[in-house]
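Data block below; observations after.
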Amino acid sequence: MEKRKLALSGTIFLVASLLFAFGLVLTSCGEPDPPPPQPECDDDLDCPAEKLCQSGRCVNRAPKEPPPECYSNGDCPDNKVCVSGKCKIECESDTDCVGGKVCDSNRCIEVACEVQTVYFDFDQYYLTSEAQSTLRENADCLKKKKVSKVVVEGHCDERGTAEYNLSLGQKRAQAVRDFLVDLGIDSTGVKILSYGEERPAEYGHDEDAWTKNRRSETKID
């Protein structure tokens, strides 16, 4: 009798254990995974106009940049210039301009003047009244162009020795330099150089060529 009870108890314990284990298995399995979500879009046409399709989702488009204010200077009013798509004032004073330009009505413009050549009498380095008048115009032009450095060259005709002409060319360049400095040109920016007879303006062996070669040229450095 006692043995039957023990056997029955063992059977009940075994059945209970199996039921418990089966419950654990069911619990671990749980519900099946839900299916993956369907893409919201395949291309931009599936999205509203203000959105575009990226990785299956409709996302907001990046805001469009406004069109440029201008494409060229002609698109700008009030004498302004086009810089990176915007109309801007180019200058307010001459100091805003470079390359010898001046400020006129908010625009940098070229100065309408040229530095001219001066000429000398035979075997002379003094400045004639005509040469002085030319140099005054040259000084005004250099100031308008805001030129800070120039080279004054002295030249001679072919008559005389090479050494003599180099010395005479130096004196001619020095005379021009001194006159320009007296007119307000900064002396530290004026360099003189003599070429003697080495660089004639006109090749020839007559007075017409010699007259053109007895000269001084002021060049912007």
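Observations
- Beta bridges from DSSP with both residues in the chain: antiparallel share about 75 percent, rounded to the nearest 5.
- Filter on Lys145/Lys219; Lys149/Lys212; Lys171/Lys219; Lys144/Lys171; Lys101/Lys149 - keep pairs with C-alpha separation over 20 Å: Lys149/Lys212; Lys144/Lys171
- For the range 36-139, the set of chymotrypsin sites (Phe, Trp or Tyr not before Pro) satisfying both a DSSP loop assignment and a count of at most 13 other C-beta atoms within 10 Å is given as Tyr71, Phe122, Tyr126.
- The Cβ shell under 13 Å around Pro67 holds other residues with a net charge of -1, Lys and Arg each +1, Asp and Glu each -1.
- Residue with peak Gaussian network fluctuation, the chain [Cα springs, cutoff 10 Å], from Pro35, Pro48, Pro67: Pro35
- 13 Å reach of a label modelled at Gln116, 7 Å along Cα-to-Cβ, counting backbone N of the range 133-156: 133-141
- For the chain, the longest site-free run once GluC sites (Glu not before Pro) in DSSP loop states with at most 10 other Cβ atoms within 10 Å are removed: 115-221
- GNM flexibility winner over the chain from Val59, Val115, Val150 (Cα, springs under 10 Å): Val59
- Other residues whose C-beta falls under 15 angstrom from the C-beta of Gln54 contribute a net charge of -3, scoring Lys and Arg +1 and Asp and Glu -1.
Throughout, read-outs are computed from the coordinates displayed, never taken from laboratory work. Worth saying up front: this structure is predicted, and the values here are computed from it rather than measured. Counting neighbours? That spans all protein chains shown, and the Cβs are built from the backbone with ideal geometry, glycine included.
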